[in-house]
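Engineer: First the structure, then my questions, so here it is.
The values are calculated or read from the model by the stated rules, or taken from the named source; none is laboratory data. Every value quoted in this text rests on a predicted model; they were computed, and no experiment measured them. No Cβ is skipped: glycine too gets one built from the backbone with ideal geometry, and neighbour counts run over all protein chains shown.
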Amino acid sequence: MFSLQKIVEISYYNMNRIRLQWSRIWHVIGDHFNKVGCNPNEDVAIFAVDSLRQLSMKFLEKGELANFRFQKDFLRPFEHIMKKNRSPTIRDMVIRCIAQMVNSQAGNIRSGWKNIFAVFHQAASDHDGNIVELAFQTTAHIVTNIFQQHFPAAIDSFQDAVKCLSEFACNVAFPDTSMEAIRLIRYCAKYVSERPQVLREYTSDDMNVAPGDRVWVRGWFPILFELSCIINRCKLDVRTRGLTVMFEIMKSYGHTFEKHWWEDLFRIVFRIFDNMKLPEQQTEKSEWMTTTCNHALYAICDVFTQFYEALHEILLPDILAQLHWCVKQDNEQLARSGTNCLENLVILNGQKFSPEVWGQTCNCMLEIFKTTIPHVLLTWKPVGMEEDSSEKHLDLDLDRQSLSSMDKNASERGQSQYSNPTDESWKGGPYANQKLFAGLLIKCVVQLELIQTIDNIVFYPATSKKEDAEHMAAAQRDTLDADIHIDTEDQGMYKYMSSHHLFKLLDCLQESHSFSKAFNSNYEQRTVLWRAGFKGKSKPNLLKQETSSLACCLRILFRMYVDESRREAWAAVQQRLLSVCSEALAYFITVNSESHREAWTNLLLLLLTKTLKISDDKFRAHASTYYPFLCEIMQFDLIPELRAVLRRFFLRIGVVFNICITEQQARTAGMHLPSC
């Protein structure tokens with residue numbers, strides 16, 4: 001203790017020497033304080049820290065010249081003691097000493113800010129509530145008050161301040177402190193926004209950074225990077241707050257960002273989805289996808305839409321790839337969110353898309369369709385399955401039961417075609433089958449979501465549903481000649497898309513329809529899946545996918561078929577229409593289940609109503625192709641609305657093919673005929 005007292009006195013008397021001489025003396029004395037401050041004898045360590053405090057206060061009173069770093073060297077023993085000494089008493093004392101310096105000498109501190117934040121960074125991860133609270137109070141005081149007055153002097157340690165706040169946010173033992181730390185990081189963004197010139201003019205350690213990029217390197221990047229670290233390290237509530245603040249900063253200040261800054265930023269943002277960094281435990285991984293990834297996905301699309309002009313050239317391929325990744329994960333909510341975000345992205349920005357961007361977007365949808373068609377449904381067999389021909393006779397009856405028990409009132413979107421994977425009926429199956437079936441269910445959900453996404457993109461959400469209702473009402477009134485116009489139909493992206501891009505989407509829809517039709521017709525395979533525990537009370541079916549994909553396909557084709565601006569594509573459209581409609585009618589005739597036929601009611605209404613509205617020349621080609629199928633369909637027990645449309649169809653055939661005379665000709669001849 002005596003020797004230590006003498007060293008303190010020597011230090012005190014030599015403090016007036018020139019800084020260069022003093023730094024050499026302190027190089028030796030400071031190392032001694034490092035050792036004494038970590039002495040197992042607490043009394044010795046307390047004396048050492050108190051002596052350091054007195055010397056530091058005296059030293060800081062002298063201030064520091066520009067481009068010198070003596071304060072940083074002088075205060076380093078505090079940092080060392082805080083790192084090495086685990087005694088709560090000594091650590092608390094170090095924090096109090098630093099707090100006193102900040103409160104009394106803030107105006108004179110320059111390079112010493114780095115040591116101060118290093119000490120508080122060590123305290124931030126402590127488990128002692130008093131130490132964390134005291135350190136955080138002082139850090140908050142620095143950020144909210146001292147930075148306000150002395151920001152130019154603290155620029156060199158601005159990154160350290162943000163990193164220190166990030167460490168406070170990641171201390172799971174003190175959630176209130178975590179939330180407040182994130183708020184302070186948000187507060188730091190205000191300094192960067194309001195004082196960019198100060199950051200540009202600061203040249204100390206980043207002479208190799210272009211003046212225009214100093215605001216990014218010194219200001220925005222540390223803030224956004226530390227928020228991303230909080231997202232990747234913290235529990236749900238804290239990381240959700242961090243994610244919200246990160247995107248709030250982007251939305252509030254993104255208009256000041258350069259293009260290459262955005263590239264750096266989204267490399268950080270996409271780390272949230274990095275599969276290699278996801279927690280290993282399946283439950284945590286699932287929670288991460290359902291919450292954080294889901295939230296980030298919508299936020300990315302919002303930012304992209306807000307700054308479309310700056311971002312579409314550099315980020316669209318990455319965003320589309322990220323959406324594709326989300327759809328491929330075995331997480332239903334994330335997969336749904338991927339398709340929803342794709343839809344929002346296109347609907348909100350499609351007016352600004354160039355042909356190249358439309359091409360990228362359509363290719364993305366095509367890829368998602370291809371990778372999510374559950375082909376395994378058609379081929380899966382349980383291990384060791386033996387053919388039992390006696391059971392095959394039960395397939396048709398079972399199938400009728402399954403179709404009649406399906407939910408006819410399932411909402412048009414957001415409802416799985418199957419029961420939820422957590423259904424009671426799943427509990428008995430082997431784990432491997434459960435996992436496989438869960439993945440297949442998600443693929444089926446994605447197919448449905450994508451079909452609805454295409455419909456919403458091309459025609460605008462809810463337009464098709466309203467059109468179906470109008471067709472049904474018109475059939476009930478027997479006024480099919482009236483022109484139906486839905487208010488929202490012009491808000492869709494149809495007019496911004498080329499015929500080539502629409503044909504790409506049609507390819508997706510037709511492939512999805514063909515697959516679902518093949519599955520629904522394969523009674524034996526559906527029975528195998530049902531008995532293996534796939535779905536539960538009734539045999540699985542893809543009826544919703546079968547009808548919605550074809551309905552969307554027909555809407556697009558008929559819209560193109562009457563669009564004068566697409567006259568060059570009419571021949572290709574007609575060829576495809578004739579093929580699609582003929583196959584659809586031929587398939588309908590083969591359907592044995594009454595419930596299955598009922599599910600096709602709106603589809604047949606759509607097909608026949610749209611065909612009735614085309615010109616006589618076009619109608620002639622369609623009617624001659626569909627005529628034999630429609631004659632067969634008349635044998636079924638159809639609803640009155642469908643019979644009314646069929647009646648009009650056959651009456652028009654009579655007029656167009658000169659089988660019957662027109663109403664005007666009948667009146668001239670004094671005859672009374674049904675209206676043609």
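Engineer: Hey, among the residues in segment 174-193 that are closer than 21 Å to ILE131 by Cβ and among the small types (Gly, Ala, Ser), which one's surrounded by the most Cβ atoms within 10 Å (Cβ to Cβ)?
Structural biologist: ALA181
Engineer: If you go through segment 42-82, how many residues are aliphatic (A, V, I, L, M) and assigned to a loop (DSSP other than H, G, I, E, B)?
Structural biologist: 3
Engineer: Right, another one. Is it the case that some residue within segment 60-81 is in contact with a Phe, Trp or Tyr (Cβ under 7 Å, 6 or more places away or on another chain) and under 14 Å from SER11 (Cα atoms)? Show your work before the answer.
Structural biologist: Within segment 60-81, the subset in contact with a Phe, Trp or Tyr (Cβ under 7 Å, 6 or more places away or on another chain) is 64, 73-74, 77.
Right, trim to under 14 Å from SER11 (Cα atoms) and you get 74.
Within segment 60-81 (the criterion being in contact with a Phe, Trp or Tyr (Cβ under 7 Å, 6 or more places away or on another chain) and under 14 Å from SER11 (Cα atoms)), the answer is yes, since at least one residue qualifies.
Engineer: Continuing with this model, one more query. If you go through segment 263-280 one residue at a time, do you hit one that is more than 16 Å from SER228 (Cβ to Cβ), crowded, with 21+ Cβ neighbours inside 10 Å and in contact (Cβ under 8 Å) with a residue 12 or more places away in the chain?
Structural biologist: Among the residues of segment 263-280, not one is more than 16 Å from SER228 (Cβ to Cβ), crowded, with 21+ Cβ neighbours inside 10 Å and in contact (Cβ under 8 Å) with a residue 12 or more places away in the chain, which makes the answer no.
Engineer: While we're here: Against the condition assigned to a helix (DSSP H, G or I), of a type in the set (A, V, I, L, M, F, W, C), within 18 Å of the chain's Cα centre (by Cα) and within 16 Å of ILE454 (Cα to Cα), how does CYS293 come out, does it pass?
Structural biologist: So CYS293 does not fit the description; no.
Engineer: Test ILE314 against the stated conditions and say whether it is touching a Phe, Trp or Tyr at 6+ places or on another chain (Cβ under 9 Å), assigned to a helix (DSSP H, G or I) and more than 24 Å from GLN447 (Cβ to Cβ).
Structural biologist: Yes; evaluated as a whole, the condition is true for this residue.
Engineer: Can you tell me which condition ILE319 does not meet? The list is (1) assigned to a loop (DSSP other than H, G, I, E, B); (2) free of Cβ contacts under 8 Å to residues at least 40 places away in the same chain, and all the others hold.
Structural biologist: Only one criterion in (1) assigned to a loop (DSSP other than H, G, I, E, B); (2) free of Cβ contacts under 8 Å to residues at least 40 places away in the same chain is unmet by ILE319, namely (1).
Engineer: Scan the helices (runs of 4 or more DSSP H) fully inside segment 534-602 and keep the ones with 2 or more residues being touching a residue at least 24 places away in the same chain (Cβ under 8 Å), surrounded by fewer than 21 Cβ atoms within 10 Å (Cβ to Cβ) and aromatic (Phe, Trp, Tyr).
Structural biologist: Of the helices (runs of 4 or more DSSP H) lying wholly inside segment 534-602, those with at least 2 residues that are touching a residue at least 24 places away in the same chain (Cβ under 8 Å), surrounded by fewer than 21 Cβ atoms within 10 Å (Cβ to Cβ) and aromatic (Phe, Trp, Tyr) span 570-590.
Engineer: Just checking, which of LEU236, LEU224, LEU165 is surrounded by 22 or more Cβ atoms within 10 Å (Cβ to Cβ) and within 20 Å of HIS295 (Cβ to Cβ)? Even if it seems obvious, please write down each step before you answer.
Structural biologist: On the way: LEU236 fails: surrounded by 22 or more Cβ atoms within 10 Å (Cβ to Cβ); LEU165 fails: within 20 Å of HIS295 (Cβ to Cβ).
Testing whether each residue is surrounded by 22 or more Cβ atoms within 10 Å (Cβ to Cβ) and within 20 Å of HIS295 (Cβ to Cβ) leaves just LEU224.
Engineer: If you take the residues of segment 635-669 that are assigned to a loop (DSSP other than H, G, I, E, B) and at pLDDT below 65, which of them is nearest to ALA475 (Cα to Cα)?
Structural biologist: THR662
Engineer: Exactly one condition in (1) assigned to a helix (DSSP H, G or I); (2) under 55 Å from the mean Cα position of the chain (by Cα); (3) not acidic (Asp, Glu) is false for ASN39; which is it?
Structural biologist: Exception for ASN39: condition (1).
Engineer: How many residues are of a type in the set (Phe, Trp, Tyr) and touching a Ser or Thr at 6+ places or on another chain (Cβ under 8 Å) if we restrict to segment 34-58?
Structural biologist: 0
Engineer: Answer yes if at least one residue in segment 349-363 is outside the structural domain of ILE442 (by TED's automatic domain parsing), surrounded by 16 or more Cβ atoms within 10 Å (Cβ to Cβ) and within 27 Å of ALA518 (Cβ to Cβ), and no otherwise.
Structural biologist: yes
Engineer: If you go through segment 520-563 one residue at a time, how many are under 34 Å from the mean Cα position of the chain (by Cα) and under 30 Å from TYR494 (Cβ atoms)?
Structural biologist: Going through segment 520-563 one residue at a time, the tally reaches 20.
Engineer: Just one of VAL28, VAL94 is without any contact (Cβ under 8 Å) to a residue 12 or more places away in the chain and either assigned to a loop (DSSP other than H, G, I, E, B) or assigned by TED's automatic domain parsing to the domain that holds CYS164 (or both); which is it? Working first, answer last.
Structural biologist: Numbers: VAL94 fails: without any contact (Cβ under 8 Å) to a residue 12 or more places away in the chain.
Result of the check over VAL28, VAL94: VAL28.
Engineer: Out of (1) modelled with pLDDT under 85; (2) part of a helix (DSSP H, G or I); (3) not charged (D, E, K, R), the odd one out for ALA473 is which?
Structural biologist: Of everything listed in (1) modelled with pLDDT under 85; (2) part of a helix (DSSP H, G or I); (3) not charged (D, E, K, R), ALA473 misses just condition (1).
Engineer: Output the qualifying pairs, or none if there are none: Cβ atoms under 9 angstrom, residues six or more apart or on different chains, first residue in segment 120-141 and in the same structural domain as HIS80 (by TED's automatic domain parsing) and within 12 Å of ARG86 (Cβ to Cβ), second residue small (Gly, Ala, Ser) and surrounded by fewer than 20 Cβ atoms within 10 Å (Cβ to Cβ).
Structural biologist: What qualifies is ASP126/ALA173; HIS127/ALA173.
Engineer: Also, I was wondering about something else. Six or more apart or on different chains, Cβ atoms under 8 Å: show the pairs whose first residue is in segment 49-77 and not assigned by TED's automatic domain parsing to the domain that holds HIS121 and whose second is at pLDDT below 85 and surrounded by fewer than 22 Cβ atoms within 10 Å (Cβ to Cβ).
Structural biologist: Correct list of pairs: empty, since none qualify.
Engineer: Picking from ALA124, ALA153, ALA140, which residue would you name as being buried (at least 19 other Cβ atoms within 10 Å of the Cβ), modelled with pLDDT of 95 or more and among the small types (Gly, Ala, Ser)?
Structural biologist: On inspection, the qualifying residue turns out to be ALA124.
Engineer: Moving on. Do we find that LEU577 is modelled with pLDDT of 95 or more and within 21 Å of LEU450 (Cβ to Cβ) in this structure?
Structural biologist: When the stated conditions are applied, LEU577 does not pass them.
Engineer: On the given criteria, is PHE168 at pLDDT 95 or above, within 20 Å of GLU133 (Cα to Cα) and aromatic (Phe, Trp, Tyr)?
Structural biologist: It is true that PHE168 is at pLDDT 95 or above, within 20 Å of GLU133 (Cα to Cα) and aromatic (Phe, Trp, Tyr).
Engineer: Right, next: Given (1) modelled with pLDDT of 95 or more; (2) not in a helix (DSSP H, G or I), where does PHE304 come up short, assuming only one miss?
Structural biologist: Every condition holds for PHE304 apart from (2).
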